[in-house]
Structures are given as structure tokens and as C-alpha cells.
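Colleague: Here it is: the structure, laid out below.
The values are calculated or read from the model by the stated rules, or taken from the named source; none is laboratory data. Just so we're clear, the structure is a prediction, and the values are computed from it rather than from any experiment. Cβ: placed from backbone, ideal geometry, glycine included. Neighbour counts: every protein chain shown. Quick note on the areas: whole protein, heavy atoms, side chains included, nothing else; ligands and nucleic acids left out. Shrake-Rupley method; radii C 1.70, N 1.55, O 1.52, S 1.80 Å.
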Amino acid sequence: MTKYSSRYASSPQAVKNYDTKQLREEFLIDDLMQEDEVVLVYSHYDRYIAGSVVPVSKDLVLETIDPLKAPYFLERRELGIINVGGNGSVVVEGETYELGLKDALYIGAGNKEVIFKSEDAKNPAKFYINSAPAHTTYPTVKVSLAEANKLHLGTMETANHRTVNQMIIGSVVTTCQLQMGMTELKPGSVWNTMPAHVHDRRMEVYFYLDIPENQAVCHFMGEPQETRHIWMNNHQAVISPPWSIHSGAGTSNYTFIWGMAGENLDYGDMDVCKITDLR
């Protein structure tokens, strides 16, 4: 079964007036990782889709949804997948790709059949998925965590010592516009993406994981001079508009998956905000 919802774009002027409830309703995705369900959120920021697939008692098929107006999901789209659960596999047009914990898979446009499976129902795979419109077809490619391009950033002294694993990105996989990766914070570090930045040419979605029980992450968003925050729990995602910063601080270290799409594929295309200029 597939569940989906839509989120419309909001202007920065409107968001200034949102209370906590409305801010969460517009940007927080808090119903992911439902067993035996495909859960999708269709965002009108760059027509991006974020969601999850958790096959437990049965295999799950990626089906089209009404907003796509397409006979199958990937007719005009590309798909990125990162497994955050037990061992599983994804069958693409009859070819099986095994995905262990934190392995990724890129699937190009035009693939009609995509099936998700778990190896063990007691420890099911938990597939986090992102999708963006695609103008052409590129090959399906698996990228293990070990094969990711790794950037070691930050320091313990500034509490942001982290490893950025670039997985579905131009230097590793050829895509139309979708980019995905995973940032792992070292023990004792809590800040992600600080100094913060905006990139007016693309939007982004964060998915938080590895948050210990009874801990949380405070995610910061909004224009640099008009920031807001959303408290995040494990396996929740948050939509970041192009005009918004996207940064967070946890009560413990954690991991997050970033995905983005938009005008270009330049990972370094961003406008950095000085920490002392944030408001």
C-alpha cells in the first residue's frame, strides 16, 4: 500500500508568521518507516519526493501516485535509496541489488518495475528514498558506504567533527539533478552544517537517524536573519526551501541523510552565512 501527501511551497515572508504547529505541518515529515507501507511526501519545492519503504510481511512495489500523472513512478523521474535498517534488496526490472545497512542505490528514469524486499522480517530493511524529475536516463548504480567519497570536516573543539559520505553525487554516480549522501557526526560532536548556508538554486531534505533513545536534534531553518527551529526525533525528515538555512544541533551525536535537487549539480554552490550574522 502507498500513502502520499503533498506539501506546497511557502514564502519566507509567510513563514515568519508561523507558530510551532504550522511550521511542523509545513516542513516536518514525521510518519516515515511504517511497516509494510510505502510512504511518500510530494513537495512543490523542485517537485521533490521524500519517503520510506519498509517491507516486513510482504514485498513492496513502488507505484505511481496521482500528482505524477504518469503510468509508472519513474517514467520521468530518478530515484535514490539508502537502507537504514536490516539487510534487504531492491529489484529493478528483474535485476536484484543487495543493500546492507547504509548502502545506497541510484535508479535512473524509465524503469517501470521497482520492488523492495527484506531479508529477515524480524530485522527488516528500512529504505529511505528521494526522487526528483529527470530529463534523461542514466544507469542504475549501487554505492556501498565504503565506496562513498568521504570528506572529513570540522573539529572536536567546535563540536562539529564529522564525516560527509557523498554517495549519489556527480563524482560517484551520474544523475540528472538528484544528489544524496550521509553525514556521520563523531562522538562528542553535535553540530551539523555549521557554518550554515543557503543555496537559492536548489532545495534540500534532511533525514535524521542514529539518534539515541531519549535524545533529539534541534533543526534550524529560515532566512539567516529570521531563523526558526524544529525539534527532530529519530527517522524524521525535514524539508528545506532554497531560501532557508538547514543546520542542527543534537543532545547527542547522530547521523543524517541529505538529499537535494534543483538548478545544478555543483556541490559547492552555496552561500555561507557567518555564524555571528545569524539571528
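Colleague: Looking at segment 1-22, I want the residues that are farther than 13 Å from residue 222 by Cβ and hydrophobic (A, V, I, L, M, F, W, C) and have a partner that is open to solvent by 40 Å² or more (accessible area, probe 1.4 Å) and modelled with pLDDT of 95 or more with Cβ atoms under 7 Å, at least 6 apart or on another chain. Which pairs are those?
Modeller: What qualifies is 9/44.
Colleague: Regarding segment 259-277, can at least one residue be identified that is in a strand (DSSP E or B) and touching a Gly at 6+ places or on another chain (Cβ under 9 Å)?
Modeller: Scanning segment 259-277 turns up at least one residue that is in a strand (DSSP E or B) and touching a Gly at 6+ places or on another chain (Cβ under 9 Å).
Colleague: Follow-up question, since we're still on this one. So residue 264 ticks every box in (1) over 22 Å from residue 23 (Cβ atoms); (2) at pLDDT below 95; (3) open to solvent by less than 10 Å² (accessible area, probe 1.4 Å) but one. Which box is left unticked?
Modeller: (3)
Colleague: Report, by residue number, each residue of segment 55-87 that is more than 22 Å from residue 149 (Cα to Cα), of a type outside the set (S, T, N, Q) and touching a Phe, Trp or Tyr at 6+ places or on another chain (Cβ under 7 Å).
Modeller: 55, 59, 60, 62, 63, 65, 67
Colleague: Condition first: open to solvent by 60 Å² or more (accessible area, probe 1.4 Å) and under 20 Å from residue 133 (Cα atoms). Now tell me which residues in segment 50-77 satisfy that.
Modeller: 61, 63, 66, 69, 71, 75, 76
Colleague: Quick one: which residue in 109, 121, 125 is closer than 14 Å to residue 59 by Cβ, open to solvent by less than 20 Å² (accessible area, probe 1.4 Å) and part of a loop (DSSP other than H, G, I, E, B)? So that I can check it myself, show each step before the final result.
Modeller: Details: 109 fails: closer than 14 Å to residue 59 by Cβ; 121 fails: open to solvent by less than 20 Å² (accessible area, probe 1.4 Å).
None of the others qualify; the one that does is 125.
Colleague: Within the group 132, 148, which residue is open to solvent by less than 30 Å² (accessible area, probe 1.4 Å), over 19 Å from residue 52 (Cβ atoms) and of a type outside the set (Phe, Trp, Tyr)? Walk me through it before giving the result.
Modeller: Values: 132 fails: over 19 Å from residue 52 (Cβ atoms).
When all the criteria are applied, what remains is 148.
Colleague: Hey, another quick one. Give the residue that is nearest to residue 86 (Cα to Cα), with candidates limited to residues of segment 174-231 that are of a type in the set (D, E, K, R) and outside any loop (DSSP other than H, G, I, E, B).
Modeller: Of everything passing the filter in segment 174-231, 184 is nearest to residue 86 (Cα to Cα).
Colleague: Taking residue 153 and the conditions (1) loosely packed, with under 15 Cβ neighbours inside 10 Å; (2) in contact (Cβ under 8 Å) with a residue 60 or more places away in the chain, which numbered condition does it fall short on, given that it satisfies the others?
Modeller: Unmet for residue 153, out of (1) loosely packed, with under 15 Cβ neighbours inside 10 Å; (2) in contact (Cβ under 8 Å) with a residue 60 or more places away in the chain: (2).
Colleague: So which residues in segment 188-205 are open to solvent by 10 Å² or more (accessible area, probe 1.4 Å) and either of a type in the set (Phe, Trp, Tyr) or touching an Asp or Glu at 6+ places or on another chain (Cβ under 9 Å) (or both), if there are any at all?
Modeller: Listed by number, the residues that qualify are 191, 197, 198, 200, 201.
Colleague: Given the options 185, 209, name the one that is closer than 28 Å to residue 127 by Cβ and either in contact with an Asp or Glu (Cβ under 9 Å, 6 or more places away or on another chain) or among the aromatic types (Phe, Trp, Tyr) (or both).
Modeller: Going through 185, 209 in turn, just one is closer than 28 Å to residue 127 by Cβ and either in contact with an Asp or Glu (Cβ under 9 Å, 6 or more places away or on another chain) or among the aromatic types (Phe, Trp, Tyr) (or both): 185.
Colleague: Let me ask you something else. What's the total number of residues in segment 9-49 that are farther than 22 Å from residue 210 by Cα, touching a strand residue (DSSP E or B) at 6+ places or on another chain (Cβ under 6 Å) and open to solvent by 50 Å² or more (accessible area, probe 1.4 Å)?
Modeller: 3
Colleague: Got at least one residue in segment 88-100 being touching a Pro at 6+ places or on another chain (Cβ under 8 Å) and part of a strand (DSSP E or B)?
Modeller: There is at least one residue in segment 88-100 that is touching a Pro at 6+ places or on another chain (Cβ under 8 Å) and part of a strand (DSSP E or B).
Colleague: Filter segment 216-235 for residues that are farther than 16 Å from residue 20 by Cα and under 18 Å from the mean Cα position of the chain (by Cα); which is surrounded by the most Cβ atoms within 10 Å (Cβ to Cβ)?
Modeller: 235
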